[in-house]
Each structure stands twice: as C-alpha cells, then as structure tokens.
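Structure, as structure tokens:
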Amino acid sequence: MIEIKNYINGKLQNPISGEWIDNYDPSCGEVYGKIPNSGKEDVEAAYIASAKAFPEWSNTNLETRSRILSKIADLIEEKLDSLAAAESKDNGKPISLAAKVDIPRASANFRFFAHAITQFAGESHESVGLNAINFTLRKPLGIVGCISPWNLPLYLFTWKIAPALAAGNCVVAKPSEVTPMTAYLLSEICMEAGLPPGVLNIVHGLGHATGQAIVEHPKIKAISFTGGTATGEHIARTAAPMFKKLSLELGGKNPNLIFADCDYGKMLDTTVRSSFANQGQICLCGSRIFVEESIYEKFKPDFVARVKALKVGHPSQKNSNLGALVSKPHLEKVLSYIEDAPNQDANILCGGNKVTVPGYEKGYYLEPTVIEVKTNQCKLNQEEIFGPVVTIMPFKTEEEALTMANDVRYGLSATIWTTNLDRTMRLSNHLEAGIIWVNTWLMRDLRTPFGGMKDSGVGREGGFEALRFFTEPKNVCIQYS
Ligand code: NDP
C-alpha cells in the first residue's frame, strides 16, 4: 500500500488529523494507496510555510529561479518511465500516452516557464510634453492557490505551478484526490532539485475540504483552477467577494466541423484521436461532430469502422488505444448518458457497453461510443459527458454548421476541417471558442493564450498571459525637470 504524503515546508508530512482516503487503481478497481485527508489545519501550515519562504523567493534573481525550475524539468525527463507508469496506474490512461504526452509535457511546462521568465518585461510609457516617464513593475502576487483536475494530472498541475513559481510567487497546490500520485512524486523531485522549503506546498485531500480551504484562505491572493464548470462557479462565488484574482479553465463541448473539401484521410485519422484520446477525457476533445451532408453517408461507416478497431485494454499494455475510465462514479455517469440515448431520439452506431478485460474484471472499461443524433438541442449535445462518447450529425450549409457549433453554453475549443481559406477565416471570426484548430487538433505552442469563453472559463493561461496573471502590475510615474 503506497502512502502519499503532503509536501509542506520542504518536508513530506502526514495529515494533521491522521485521516486518510483510499486511492483506487482504475484498471482493476482495487485500492492501492492512501492519500492524506487534509483539512484547514494542513492548508494553514502550508500557507505559513509559503509566507515564510516568500520574501526570499520573490527576491531570488531570475537566473537562480530559472536554474531551479530547469532542474525540475530535467529530473521529470530523467524519471519519465517511472512517472509515466505511475500516471497510467493512477488514472487508467494507456502508458504509451502518459509516456508520449503527459510526462514530457509536464517537463516542458517547467522548462518553458524557466525560460519565459527571463524574457518577461514590464512596459514603459513616456508622457511626451509632460517631462514624465511611466514604467510598470510586475510584482509577484504573494501566496497563490493552484487546483487541478484528474484527467491530465501532472500535465495540468505543472501548467499552473511552473508560471506561478517563475513569477516569484509561493504556492499552495492541490491535485485531484482521484489522481494524486504524480503530484506526490513531484514533491520528491522538488526536494532533489533544491527548491527552497515552503516555495511550493502540495496538500492532498478532498475538493470540498482541502480545495475549499485554499479558496477560502483570506491571505491566498489568487486561485488558478482547472476543473468542472459547476465547481468553477462555486469557487468564483467564494473567491469573488474576497477580491481574489481568478483564472478558471472549465468544461467544454467542442464542435468538430467537417467540410467536404477537407483532406479526408487526415481528417479521419485525427477525428478518431480527437474523439477518444485519453478515453475522451480531455477538455479539448471534439465531442460534437458535424459533417457536411454530401460526405455524411461516406463518413459514417468509415468512422464507425475505425472506432470499432480501437483496442480497449489494460493501460500497461502498449497496444491499448483506450485504457480505463478514471473512477467508478465517472464510469457510471458516462454510462447514464449512453443509456438515456434512446430517450433523446438518438441512435447508438457503435460501442455503448462496459468492457471486461480478462484478469481485471473490476476495472472501469468502456467501449468507444458513437451516437447519431437528430438535433443539436439534445442532452447528448448540450451537456459535457467527458468520456469516450461522441455524437455525429449532418449539416447542409456553413451557416447551419456555425449556428449549431455556437448553440451551447460552452466555448472552449473548435476544430474546422476544410481547404477553403475564406471559410476558415469566416468561421474563425465567428466561432465562439477560445481555441480554434484548422486541419489539426491539439497542436500546442506554449506561448499561445489557452482558455475558453462562455461557461468554459475566465482568463487565459499560457505564455506571458500566465505570467501576467501571476503578477500584479504597479505603475510608477516620474516627472523630471
Ligand atoms: P472538478 O471540478 O470536480 O475538480 C477539479 C479540482 O477541484 C479537483 O482537484 C477537485 O478536488 C477540486 N475541487 C472540487 N470541489 C472544490 C471546491 N469546493 N473548492 C476547491 N476545489 C475543489 O473537475 P474534475 O476533476 O472532475 O475534472 C474534470 C473537469 O475538468 C471537466 O469538466 C473538464 O472539462 C475540466 N477540464 C477543463 C480544462 C480546461 O483547460 N478548460 C482542462 C481539463 C479539464 P477533488 O478531485 O478532490 O474533488
């Protein structure tokens, strides 16, 4: 039984209450570890450690800060195999995906912000004719809270922590209680890399207890949160009256618009991936597929054949395309949408059933599922399912496709498949989404703004946007004679 510890003041510690939560292996449905059930007292201890570390860390020169963050990146890279195995076991995702995407990206997050901070600068404005110059200092906020979800555990955890630390803040962070393992391993890496005690504190526990204590803490100045829209709303209600800075990366129900003039082969390959990568548990997955009428009857069997060929298997097997869903409650939630499909006048074209993997009968496996819907208004198209389930339906015109794409409460990302430049520009201008991919999906450049509009969030992460979020601008105006 692996016992995870909190990382507070540079040390691995048990929860003050002495209470623990079970940690499940989704591939076999069995408990394999214990997680601290941290409460307010642990968050307070983390805050005190951060507050003690802040004066020195915020004054540490950029070269030193950058060197320590680069060292963390190096160590993540060195430990790729063991971190990928831990992520796969904890989350249920195929080990090949963890080794190719999650862990390299966690390392890249630290390396990117280790460099970015050396290039980040304040602005200056000369007030011509008034003998005055303004310059804007970018000061770290102080102690900030970072809260992340279970779908891309180390990847999203480090995406917040790295810019917060690079900008000179000290951090109290909480990973999802469902997938705490790689955050725990990161604590050990930070110790090895020589990150001073208290600069980063990782407190494990339940969202409504540990997470809530971070959000409610009167001295924590900002909250960077990635997770569900309902949780984001709750966090905003708590933090807004305290005038905390908030970055919210929330749910999505992303449209995938496929036009007849696209590169069909590339589109088909990528659409299989954008539908089912990570068991469909990526906020950027294209879960609503709209296909131009003239190619719809060709696309439908081609797509279904490709989906049926995907292998659902144990996450440790290299040839598994899909592993297990993250938890039993999540599997049940996804299944409830599939079971409700007939009530939505929708037709399951393939999948829809639990999968029994020999030797791992209690694991949370589900077939990749394609559902044909008749209207964009149905629940299957309006609510985030966040599993291996996509819907397909035809459209007649570009206007109709655009209307359906936008007719949803979310606005995270959208994908367009076309070779028509005019159409690309028209749709890019009018789609209500923070991120638009054309003839590709999930291609990321860490300098670009990342985030959603509407109920998909507030603010942007990535590049200098993240460094702006984690700093307070302070303008100085000097008049000279
Ligand atoms: P949740 O909103 O349930 O949880 C996210 C994190 O918030 C977890 O660490 C959770 O802890 C914590 N939490 C829960 N309640 C509170 C609270 N009251 N105060 C503070 N923290 C709290 O999301 P999931 O983990 O289920 O993740 C899936 C969701 O994340 C999907 O909706 C997905 O779209 C979204 N997401 C968005 C992304 C984006 O960039 N826009 C990227 C990836 C995912 P615990 O786990 O212990 O409950």
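Data for the structure
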item: In the stretch 447-458, residue farthest from G265 (Cα to Cα) [restricted to those that are surrounded by fewer than 20 Cβ atoms within 10 Å (Cβ to Cβ) and within 15 Å of the ligand (Cβ to nearest atom)]; result: V458
item: Residue pairs meeting the criteria (Cβ under 7 Å; at least 6 apart or on separate chains; first under 14 Å from K71 (Cα atoms), in the stretch 92-116; second assigned to a loop (DSSP other than H, G, I, E, B)); result: A108/L446; F112/L446
item: Unmet criterion (only one of (1) over 20 Å from A401 (Cβ atoms); (2) away from the ligand (no atom under 14 Å from the Cβ)) for L257; result: (1)
item: From A164, A213, residue being within 12 Å of the ligand (Cβ to nearest atom), in contact (Cβ under 8 Å) with a residue 40 or more places away in the chain and either part of a helix (DSSP H, G or I) or closer than 27 Å to Q279 by Cα (or both); result: A213
item: Unique residue being in contact with a Lys or Arg (Cβ under 9 Å, 6 or more places away or on another chain), farther than 28 Å from M443 by Cα and either within 16 Å of the ligand (Cβ to nearest atom) or of a type in the set (K, R) (or both) when the list is Y337, Y410; result: Y337
item: Criterion violated by K174 - all others in (1) away from the ligand (no atom under 16 Å from the Cβ); (2) closer than 23 Å to E465 by Cα; (3) charged (D, E, K, R) satisfied; result: (1)
item: Residue list for the stretch 90-113, filter: among the aliphatic types (A, V, I, L, M), surrounded by fewer than 23 Cβ atoms within 10 Å (Cβ to Cβ) and over 20 Å from P368 (Cβ atoms); result: A99, A108
item: Pairs where the first residue, in the stretch 217-230, is small (G, A, S) and the second is within 11 Å of the ligand (Cβ to nearest atom), C-beta under 6 Å, 6+ apart; result: S224/C146; S224/K160; S224/S247; G227/P149; G228/G251
item: Options T397, T424, T440: the member that is away from the ligand (no atom under 16 Å from the Cβ), over 25 Å from A116 (Cα atoms) and either touching a helix residue (DSSP H, G or I) at 6+ places or on another chain (Cβ under 8 Å) or hydrophobic (A, V, I, L, M, F, W, C) (or both); result: T440
item: Cross-chain or 6+ apart pairs with Cβ under 6 Å, the stretch 42-62 first and without any contact (Cβ under 8 Å) to a residue 40 or more places away in the chain and under 12 Å from L165 (Cα atoms), then small (G, A, S) and in a helix (DSSP H, G or I); result: none
item: Residue within the stretch 118-128 that is in a helix (DSSP H, G or I), in contact with a helix residue (DSSP H, G or I) (Cβ under 7 Å, 6 or more places away or on another chain) and farther than 15 Å from W57 by Cα present; result: yes
item: Number of the exception - N134 against (1) within 16 Å of the ligand (Cβ to nearest atom); (2) outside any loop (DSSP other than H, G, I, E, B); (3) in contact with a Ser or Thr (Cβ under 8 Å, 6 or more places away or on another chain); (4) among the polar types (S, T, N, Q); result: (1)
item: Among the candidates E432, E472, residue that is surrounded by fewer than 22 Cβ atoms within 10 Å (Cβ to Cβ), within 16 Å of the ligand (Cβ to nearest atom) and more than 18 Å from the chain's Cα centre (by Cα); result: E432
item: Qualifying position, being of a type outside the set (A, V, I, L, M, F, W, C), touching a helix residue (DSSP H, G or I) at 6+ places or on another chain (Cβ under 7 Å) and crowded, with 24+ Cβ neighbours inside 10 Å, among E87, E77; result: E87
item: Single residue of I392, I385 found to be in contact (Cβ under 8 Å) with a residue 12 or more places away in the chain, of a type in the set (A, V, I, L, M) and touching a helix residue (DSSP H, G or I) at 6+ places or on another chain (Cβ under 6 Å); result: I385
item: Residues satisfying the stated conditions in the stretch 242-296, i.e. part of a strand (DSSP E or B) and under 29 Å from T226 (Cβ atoms); result: K245, L246, S247, L248, E249, P255, N256, L257, I258, R288, I289, F290
item: Unique match (being small (G, A, S), at pLDDT 95 or above and more than 14 Å from the ligand (Cβ to nearest atom)) among A466, A405; result: A405
item: Helices (runs of 4 or more DSSP H) wholly inside the stretch 298-416 that include at least 1 residues being farther than 25 Å from I436 by Cα and either touching a Ser or Thr at 6+ places or on another chain (Cβ under 6 Å) or among the polar types (S, T, N, Q) (or both); result: 328-339
item: Residue in the stretch 223-241 that is within 12 Å of the ligand (Cβ to nearest atom), acidic (D, E) and in a helix (DSSP H, G or I) present; result: yes
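Here's the yes/no breakdown for (1) touching a strand residue (DSSP E or B) at 6+ places or on another chain (Cβ under 6 Å); (2) of a type in the set (A, V, I, L, M):
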| residue | (1), (2) |
| --- | --- |
| G194 | no, no |
| V199 | yes, yes |
| H204 | yes, no |
| A209 | no, yes |
| R237 | no, no |
| A240 | no, yes |
| D263 | no, no |
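Yes or no, residue by residue, for (1) surrounded by fewer than 22 Cβ atoms within 10 Å (Cβ to Cβ); (2) of a type outside the set (F, W, Y); (3) touching a residue at least 60 places away in the same chain (Cβ under 8 Å):
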| site | (1), (2), (3) |
| --- | --- |
| K253 | no, yes, yes |
| I258 | no, yes, yes |
| R306 | yes, yes, no |
| N321 | yes, yes, yes |
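Yes/no per residue for (1) part of a loop (DSSP other than H, G, I, E, B); (2) at positive phi; (3) of a type in the set (A, V, I, L, M); (4) without any contact (Cβ under 8 Å) to a residue 60 or more places away in the chain:
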| position | (1), (2), (3), (4) |
| --- | --- |
| T419 | yes, no, no, no |
| M425 | no, no, yes, yes |
| N429 | no, no, no, yes |
| W441 | yes, no, no, no |
| R468 | no, no, no, no |
| N475 | no, no, no, no |
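The values are calculated or read from the model by the stated rules, or taken from the named source; none is laboratory data. What you are looking at is a predicted structure, and each value in this text was computed from that prediction instead of being measured. Neighbour counts are summed over all protein chains in view; Cβ atoms, including those assigned to glycine, are modelled from backbone coordinates with ideal geometry.
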